[in-house]
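The values are calculated or read from the model by the stated rules, or taken from the named source; none is laboratory data. These figures come from a predicted structure and were not determined experimentally. As a convention, Cβ positions derive from the backbone with ideal geometry for all residues, glycine included, and neighbour counts pool all protein chains shown.
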Amino acid sequence: MKRIIYLLLTVSILVALAGVFIMTDMGQLMGISKSVIVYYFNNNNWIIFLSFAALAIAFLLNRKHKVFKMKTFLWIGLLWVVLILSTKFVTPYIMFSATQEGAEFVKNSETKDYLEDDEVVFVIDLNGVQKAYPRSYIWQTHIVGSDFGDDEVVMTYCVLANLPTPFINDINGSKVNFKVLAQTNNNLLIWDRASGEIIQQITQTCEFSENRLDPVPVMEMTWGGFKKAYPDGSVFYNQWDSPMEIVLDAIMPLEENFEPDQWMFKTVNFDDKRFETKDMIIGVADHESDAYLAISKPLLMKEKHMEVTVGNKNLLVAYFDEFDAIAAFDLEKNGQKVTVEEIDINGMTKNHGQLERAYVFNSVFWGVWSYYYPQTEVLTQ
């Protein structure tokens, strides 16, 4: 009987510990695959039930046979509770707590010394509303919600891939409730608590329904450029003073993530040597045609305007010196591809009026991009 109780306790604790390993950065550092994470997440209720059942049976047997003192058993039970709570709450609610509701935005004129002019911000220009998301202030929360006129937008940012990807707050006609689930292969896995869906950020693919979300176009520019381009715009305002922000800043400084040979976490093998793994590229994807293109950022900054065809997409990818900004526009207008000689940051041209903005993967790290899109073509100097 003593062996049976020991076995039940061992199984119970190991199953609970496995959940912590799978659903936190500990396991991801060891290369836990996405399929394991998704399987555990999708079946965690019955897995936890089985673990609890083993613990409960051991408790009942122990009351009869008195293998452990009750105090010892209570400590074992407390350990089990801590492990289960860590599995379900540490990543989405403590380490990387989303700010989908209640995010504070302030007018550019009210920020004073909030940012240095050369700091990177990601910008959404939608329905006549322009908002900036400073890279240095969104990487811990990963998820920030905001209103843009008639649309609600949820910005997601994966610091490991350096990838901003905003989405309209809607999946199949329902509002989303995004949380950080995990990271796998150096990219963010997003959990929609409302639907139970999991989304791979860099592919925008839903794991269960296999639907693909349509991202909102996002620009990259400097804070000084944003104030010049959109003086009436506003910026996500984060004091960066929560305990978890302070802890993460101490153990994982953001600036180290942009050093050539350093990663906060390295959970993907970087085999494609066409660029250095930490090179930032502009990625263009046509998922329907399974066609992908990586544009060297220095090449774009040199050329200023580049017309590219990727699958069935015809885009103009542009760099604007005045604002130190990267933006993209759809060259399809009224069913025809147009040729553009001059364009401003809002997409206004001389001969074809205003072009619609297009989503590109702005300054994503090459090592991560090439892992998810190994068939990508490249444009380099």
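Considering each of Tyr157, Tyr137 in turn, give the residue that is crowded, with 21+ Cβ neighbours inside 10 Å, touching a residue at least 24 places away in the same chain (Cβ under 8 Å), part of a helix (DSSP H, G or I) and not assigned by TED's automatic domain parsing to the domain that holds Ala16. Of Tyr157, Tyr137, the one residue that is crowded, with 21+ Cβ neighbours inside 10 Å, touching a residue at least 24 places away in the same chain (Cβ under 8 Å), part of a helix (DSSP H, G or I) and not assigned by TED's automatic domain parsing to the domain that holds Ala16 is Tyr137. Exactly one residue among Gly335, Gly283, Gly311, Gly353 is over 23 Å from Glu119 (Cα atoms) and either in contact with a Lys or Arg (Cβ under 9 Å, 6 or more places away or on another chain) or buried (at least 21 other Cβ atoms within 10 Å of the Cβ) (or both), and that residue is Gly353. Condition (residue is modelled with pLDDT under 95 and of a type in the set (D, E, K, R)) applied to region 236-248: is it met by at least one residue? Within region 236-248, one or more residues are modelled with pLDDT under 95 and of a type in the set (D, E, K, R).
Inside region 315-332, can you point out the residues that are farther than 22 Å from Asp118 by Cα and surrounded by 18 or more Cβ atoms within 10 Å (Cβ to Cβ)? Matches in region 315-332: Leu315, Leu316, Phe329, Asp330, Leu331.
Scanning region 243-272 for residues that are surrounded by 14 or more Cβ atoms within 10 Å (Cβ to Cβ), aliphatic (A, V, I, L, M), within 18 Å of Tyr137 (Cα to Cα) and touching a residue at least 40 places away in the same chain (Cβ under 8 Å) returns Leu248, Leu254, Met264.
Just a yes or no: is a residue in region 222-230 among the aliphatic types (A, V, I, L, M) and either without any contact (Cβ under 8 Å) to a residue 60 or more places away in the chain or under 17 Å from Asn162 (Cα atoms) (or both)? Checked region 222-230: no residue is among the aliphatic types (A, V, I, L, M) and either without any contact (Cβ under 8 Å) to a residue 60 or more places away in the chain or under 17 Å from Asn162 (Cα atoms) (or both). Beta carbons closer than 9 Å, at least 6 apart along the sequence or on distinct chains, pair a first residue in region 64-85 that is in contact (Cβ under 8 Å) with a residue 60 or more places away in the chain with a second that is in a helix (DSSP H, G or I) and exposed (fewer than 14 other Cβ atoms within 10 Å of the Cβ) for His65/Lys2; Val67/Lys2; Val67/Tyr6.
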